[in-house]
1. Considering only 77, 43, 132, give the residue with the highest GNM mean-square fluctuation for the chain, with springs between Cα atoms whenever their separation is below 10 Å.
2. For region 188-200, what does the Karplus curve 6.51 cos²θ - 1.76 cosθ + 1.60, with θ = phi - 60°, yield as ³J(HN,Hα) per residue in whole Hz, taken in order and with x for Gly and Pro?
3. Let me test this: with uniform point scatterers at the alpha carbons of region 101-219, what is the Debye-based log₁₀ I(q)/I(0) at q = 0.14, 0.22 1/Å?
4. Roughly speaking, what is the stretch gain from residue 131 to residue 41, that is 0.36 nm per residue apart minus the C-alpha to C-alpha distance, in nm to one decimal?
5. Considering all alpha-carbon pairs of region 148-211, what whole percent are spaced by more than 19 angstrom?
6. At residue 34 and residue 51, where each label point lies 7 Å from the Cα along Cα→Cβ, what is the point-to-point distance in nanometres?
7. If you take the beta carbon distance between residue 93 and residue 151 as r and set R0 to 30 Å, what does 1/(1 + (r/R0)^6) give as a FRET efficiency, to the nearest 0.05?
8. Which listed residue (53, 42, 122) has the Cα farthest towards the positive end of the charge dipole for the chain, taking +1 on Lys and Arg C-beta and -1 on Asp and Glu C-beta about the Cα centre?
Amino acid sequence: MAYRYQQAPRPIGIAIPTQSLLAQVLGITAIGMCVSALAVYLFPNAPFSWLGVVGSFILLFAINATRGNGALSLGLFYLFTFLEGIFIAPIVTYYAHAAGAQVVYNAALTTGFGMFALAAIVYATGLDLRRFSGIFTIALLALVVVGIVSLFLHFVSPTVYSWATLVIFSGLVLVDFARIRAGGDGLTPVQMAVAIYLDAINIFLALLQIFGGGRRSND
């Protein structure tokens with residue numbers, strides 16, 4: 001999938017203690033992941049999954065536009081995660097059938113532990129890569145362009161592309177947790193949850209290809 005919506009930081013008015021902010025962001029993100037998992041379960045082979053992409057992009061802008069209304073913004077976020085679940089459902093189902101359900105479980109567990117480890121590094125060491133946010137964003141845009149071109153020319157293998165996705169989004173995870181540790185840089189908890197959620201989803205999809213690619217080729 002490899003996309004990410006960059007919100008424009010603006011003052012949120014009342015400062016939130018960083019520990020409380022982390023708890024809010026992780027709580028919102030965790031529920032969003034559960035909503036996506038429910039969508040995958042309900043629509044494993046959704047023929048209209050492309051609608052999830054269109055709806056997701058619209059909702060990303062809506063979440064940013066409604067940042068002043070916490071309840072509405074949160075509701076839009078959970079609708080966004082549901083549509084994302086519909087979008088990734090056929091991908092997850094494909095790997096579950098072609099490579100085995102264990103590959104899906106391993107990718108999900110590795111994503112969770114990996115996100116936890118990256119967050120722990122930021123909070124334990126004070127690592128702050130926010131100044132490299134622009135570099136990671138440019139790298140992501142280049143990755144998207146390469147992915148589109150490769151659809152027609154097939155000059156990059158899916159596994160290599162997935163490793164590049166994994167590296168870039170791991171860097172973005174470090175940036176996003178540093179932003180949370182610093183107080184949010186003017187973003188709301190919901191906006192930060194969007195960033196963490198998209199990091200996790202893209203890492204999960206990359207790991208699906210990495211773990212499942214070899215298994216499919218051996219079958």
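All of the numbers you see were taken from the coordinates with simple rules; none came from a lab. Quick caveat, the model's predicted, so the values are computed rather than measured. Don't worry about glycine lacking a Cβ; one is built from the backbone with ideal geometry, like all the others, and counts go over all protein chains shown.
1. Largest GNM mean-square fluctuation: 132.
2. Per-residue couplings from phi come out as 7, x, 5, 4, 5, 5, 4, 5, 5, 4, 5, 4, 5 Hz.
3. Listed by q, the Debye log ratios stand at -0.64, -1.26.
4. Values: separation 90, 0.36 × 90 = 32.40 nm, distance 3.91 nm.
Taking 0.36 nm per residue and subtracting the Cα distance, the gain is 28.5 nm.
5. 42 percent
6. 2.6 nm
7. 0.90
8. Positive-most Cα among the choices belongs to 122.
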